[in-house]
Structure formats: structure tokens, C-alpha cells
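Undergrad: First the structure, which I've put down as C-alpha cells, then a few questions once you've had a look.
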Ligand code: GLY
Ligand code: MN
């Protein structure tokens, strides 16, 4: 946890922005894996962590704007609980640590909310993503659980998003701690990989690094020689000499902040010429996109810049033909680069996605494209100093997509399908770093993780 005054200030800032009503924040509960007592590792709700820092299950908080009152609700552990879990600070102690004067057992929450409802007061809550919390809210507010998100507070949601979007110094420091664990994960993967290993061996090793650093994965590791499958969580392939593998992974080590890094690594330590050609295009797109980052620039513009670099590079190799700008305007690049350039990052690896991607990544004036590829862009809006985001272009050869486009003649005036067919077995290349938008530009966060061909090959040979 951060020092108490940080949470106090965060809540003060929030209270100033919401005119009136009762703000209701639900923390998360333990989630059973296969029976009640066999649980997934506990993950607190990120907004709850942000405003209260309490990293225990079954806590709820209320901020009454009009009465200027803040209360934490949770039951203290009984001795029977302590026998199994060990001692835990009391609710009162945890509330104090977060800078709140008031705490109460959870059954006191119902009368507080009922009184507010009876007084016709606005109850602000955030959109919910866990069924247990939808059910709890449903009971409290007498709304059908399936309709809970229809009544979530737009005012609270957008206020929380604008506050959490701007990262403070201590948040950036925590993100960098997570990236520094990623550094260990990637340099280790580069050093240990060799032909004949299974993907899962590397995945197990790198996950062990996060666990031994006292953290956990910020999302399930993507690691495969089938890098063309964008979110490939299966690690069953035996890795051969000549293969490259995409490793997209993240750590969450300190106060819940995440890292999200991708590298593409040759299994035998050396890229082939064909792999080098594609890798250099992706690297150019990544480095040029990072250099374009500064406050006031729209991330959609940076995404399209990356798309143009990729398209030009593929044209130079003979895979794409025609005018590059026209090809990008028509979405031809998306057969090779079907995802967005990046997303916001912080307490969540896709930061605040639970609050609504359109509010996090798009302003009122940015209409989300329906074009294949561009439609997946999570962050399009104008960048502000203090944002932390990922830059992660890629080139992939996805046989099912290639076959569909060829058969349906999609963008056939821009794509040389004969040449593309020679890359059917290629897989994919993605390169990702985490970037802070500064007052006049950008900073690549964390210890630099090898990414040029020369550096990656040098680490592989260590
Ligand atoms: N790192 C996976 C993703 O950004 O979707
Ligand atoms: Mn990412």
C-alpha cells in the first residue's frame, strides 16, 4: 500500500468532481475454481485498490458526497476464520490505513443504502464485471442482476477514468518495477530457449520469475511458435530450429500495477533472412510510432502511421502492391496487422477496460471504425501527459484469413496473394513496449529489453 495521504488525496480529487449523491464501491470476493474453498488467487478490483488500497476480499466502501462521509464496510475475521487464514488487520485498522475514519460490519451497508434510496438520492456505482457483485448490487438496489450495468453511473465512470488515466510518479514507478520483472522474464527466455524444448517449458520458467519476485502474471502468457494466433495461450508445441516464437506477457508486482511486453525470439538464436525482413519492418513501425508520441497527438493517427510503415515494408518485399495510402485507407494492411497499435495500461493490463473501452480510448469526437482491423483499436483518442500505453505493432500470416481474403477477393488490388502464400508457415512477429506520455514527448518505461535483431541474437547466445 502507498502512504495513507495518497488515498486521501485521490478520494478528495474524486469528491470534488461529483456534485452530489452516494458513491458505492464494491471490492471483489474470492472466486472458487472448482469448489468453494479452492479459490483462484484473489484479485482486488482495480478501482477499489486505487481509492482504498485494501487488498482483501469482501470489502465495500461508501463515499457520501453531501454528508462528507466515507465508510468502509467489511466483517472482521472470526477466530474460526483465523485458524485457517491467520490473523488479518481489523476492518477499523484497514480503514484507518486508507485514511477513513468510519468502518462498520457489512450488514450495516443495507440500511445506509436503503436510507439513501428512500431519500431519493443518487447512488453512483461503476459497471460491474463479476456476477457476485451484480447479485450483491441487485439485492441492495432491487434491480435485476442482468440490468445492473444499465444503471451504472456515467458521471462516476467518466470521472474515475479521467483520474486513473493520468499516472502519478508513484504509479509510474510501480509500472517500471513490473517492467523490470519483464526484463528478467525476456532475457531469461532468450538465454534458455533451444530447439527441442516445448513452449510450456519457457512459459513455466518465466511465470516462475514473476512468482519469485512476489507477484503474479498480469494476464495469461501468450507464448507460441504460432505467433499468428494473436492471443495464443496454449504452450504445447515442440520448438524447432528455424522457428521464431512470440512471447507476450506481463507481471504484476507492486500495488497491483502491470507490465505488458512482447518480443519475438528465434528458437535457435538466429533469425533467418526471411524472418529478419519481417522483423525489421515491425521494429521500424514500433520505433517510429513511439517517436510520434506526445501530448495532443491522436493515437489513431499513430496507429495509421504504423499501418503505413508495415504496408510500405510489405510492398518493398513484394507482398503488397499499389498505392500505400490507398491500401491503408481500404484496410488492406489488416490482413497482416489485424489488431490495434496499443491500449492504456496501469492497474489493469488493458487499463479500465471494465469501465468501457469507448470511454477509456475514445473521446466523444472519435467515432470507432467498423473496418476490420481498425475496429480493434482500443485507444484512438488524443494523448495526454501522464498516460501510460502500449505500442505493439505486428505482422502475422494467418492462413485462415489469407484464404478467406483470397477467395473473396478482399483488397485483391493491394495484395499479392501468390507471394503471400510463400509465408503461410511463417507465424508472426510482434514487438511491444510500455510508454509514458511526458509533457513534451514520451519515455520508454523500465530497463530496456533487447529488441534489435543484434541484441536479441546476442542474448540468445548467452
Ligand atoms: N498483451 C495482450 C494484449 O494486449 O491484448
Ligand atoms: Mn498489450
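Undergrad: Residue under question is residue 404, and the condition is that it be free of Cβ contacts under 8 Å to residues at least 12 places away in the same chain and more than 28 Å from the chain's Cα centre (by Cα); does it hold?
TA: Against the criterion (free of Cβ contacts under 8 Å to residues at least 12 places away in the same chain and more than 28 Å from the chain's Cα centre (by Cα)), residue 404 qualifies.
Undergrad: Report yes if some residue within the stretch 253-266 is more than 16 Å from ligand 1 (Cβ to nearest atom), in a loop (DSSP other than H, G, I, E, B) and out of contact with any helix residue (DSSP H, G or I) (no Cβ under 7 Å at 6 or more places or on another chain); otherwise report no.
TA: Looking for residues that are more than 16 Å from ligand 1 (Cβ to nearest atom), in a loop (DSSP other than H, G, I, E, B) and out of contact with any helix residue (DSSP H, G or I) (no Cβ under 7 Å at 6 or more places or on another chain), one finds none in the stretch 253-266, hence no.
Undergrad: Out of (1) surrounded by 16 or more Cβ atoms within 10 Å (Cβ to Cβ); (2) touching a residue at least 12 places away in the same chain (Cβ under 8 Å), what's the single condition that is false for residue 138?
TA: Answer for residue 138: the failing condition is (2).
Undergrad: Another question, if that's okay. If residue 218 satisfies all but one of (1) crowded, with 18+ Cβ neighbours inside 10 Å; (2) over 30 Å from residue 54 (Cβ atoms); (3) at pLDDT 95 or above; (4) touching a strand residue (DSSP E or B) at 6+ places or on another chain (Cβ under 8 Å), what's the number of the condition it fails?
TA: (2)
Undergrad: Being more than 16 Å from ligand 2 (Cβ to nearest atom), part of a loop (DSSP other than H, G, I, E, B) and in contact with a helix residue (DSSP H, G or I) (Cβ under 7 Å, 6 or more places away or on another chain) narrows it down to one residue among 369, 385, 412; which is it?
TA: 369
Undergrad: Determine whether the stretch 275-294 contains at least one residue that is buried (at least 17 other Cβ atoms within 10 Å of the Cβ), closer than 19 Å to residue 229 by Cα and within 16 Å of ligand 2 (Cβ to nearest atom).
TA: Yes: one or more hits.
Undergrad: Evaluate the following for residue 298: is it closer than 30 Å to residue 318 by Cα and away from ligand 1 (no atom under 16 Å from the Cβ)?
TA: No; evaluated as a whole, the condition is false for this residue.
Undergrad: In the stretch 305-314, is there at least one residue being part of a helix (DSSP H, G or I), more than 22 Å from residue 402 (Cα to Cα) and touching a helix residue (DSSP H, G or I) at 6+ places or on another chain (Cβ under 9 Å)?
TA: Among the residues of the stretch 305-314, at least one is part of a helix (DSSP H, G or I), more than 22 Å from residue 402 (Cα to Cα) and touching a helix residue (DSSP H, G or I) at 6+ places or on another chain (Cβ under 9 Å), which makes the answer yes.
Undergrad: If I go through the stretch 270-298 residue by residue, how many of them are touching a strand residue (DSSP E or B) at 6+ places or on another chain (Cβ under 7 Å) and in a helix (DSSP H, G or I)?
TA: Looking only at that region, the number is 8.
Undergrad: So, one more: Keeping to the stretch 364-390, report how many residues are more than 27 Å from residue 174 (Cβ to Cβ) and more than 11 Å from ligand 1 (Cβ to nearest atom).
TA: Looking only at that region, the number is 12.
Undergrad: If you go through the stretch 46-70 one residue at a time, how many are within 18 Å of the chain's Cα centre (by Cα) and touching a residue at least 40 places away in the same chain (Cβ under 8 Å)?
TA: The total comes to 4.
Undergrad: Please go through (1) more than 30 Å from residue 234 (Cβ to Cβ); (2) without any contact (Cβ under 8 Å) to a residue 60 or more places away in the chain; (3) surrounded by 22 or more Cβ atoms within 10 Å (Cβ to Cβ) for residue 202 and return the number of the only condition it doesn't satisfy.
TA: Unmet condition: (1).
Undergrad: Looking at 359, 337, which one is touching a residue at least 24 places away in the same chain (Cβ under 8 Å), over 13 Å from the mean Cα position of the chain (by Cα), at negative phi and within 16 Å of ligand 1 (Cβ to nearest atom)?
TA: 337
Undergrad: Taking residue 367 and the conditions (1) over 24 Å from residue 248 (Cα atoms); (2) modelled with pLDDT of 95 or more, which numbered condition does it fall short on, given that it satisfies the others?
TA: With (1) over 24 Å from residue 248 (Cα atoms); (2) modelled with pLDDT of 95 or more applied to residue 367, the lone miss is (2).
Undergrad: Moving to a separate point now. If I filter the stretch 94-130 down to residues being part of a helix (DSSP H, G or I), out of contact with any strand residue (DSSP E or B) (no Cβ under 9 Å at 6 or more places or on another chain) and free of Cβ contacts under 8 Å to residues at least 60 places away in the same chain, which single residue comes out as surrounded by the fewest Cβ atoms within 10 Å (Cβ to Cβ)?
TA: Here the residue is 118.
Undergrad: For the subset of the stretch 243-268 comprising residues that are more than 16 Å from ligand 2 (Cβ to nearest atom) and either at pLDDT below 95 or within 11 Å of the chain's Cα centre (by Cα) (or both), which member is surrounded by the most Cβ atoms within 10 Å (Cβ to Cβ)?
TA: 253
Undergrad: Out of 76, 80, I need the residue that is assigned to a loop (DSSP other than H, G, I, E, B) and over 31 Å from the mean Cα position of the chain (by Cα). Which one?
TA: Going through 76, 80 in turn, just one is assigned to a loop (DSSP other than H, G, I, E, B) and over 31 Å from the mean Cα position of the chain (by Cα): 76.
The values are calculated or read from the model by the stated rules, or taken from the named source; none is laboratory data. Given the structure is predicted, the values throughout are model-derived calculations rather than measurements. Positions of Cβ are backbone-derived with ideal geometry, glycine not excepted, and every protein chain shown enters the neighbour counts.
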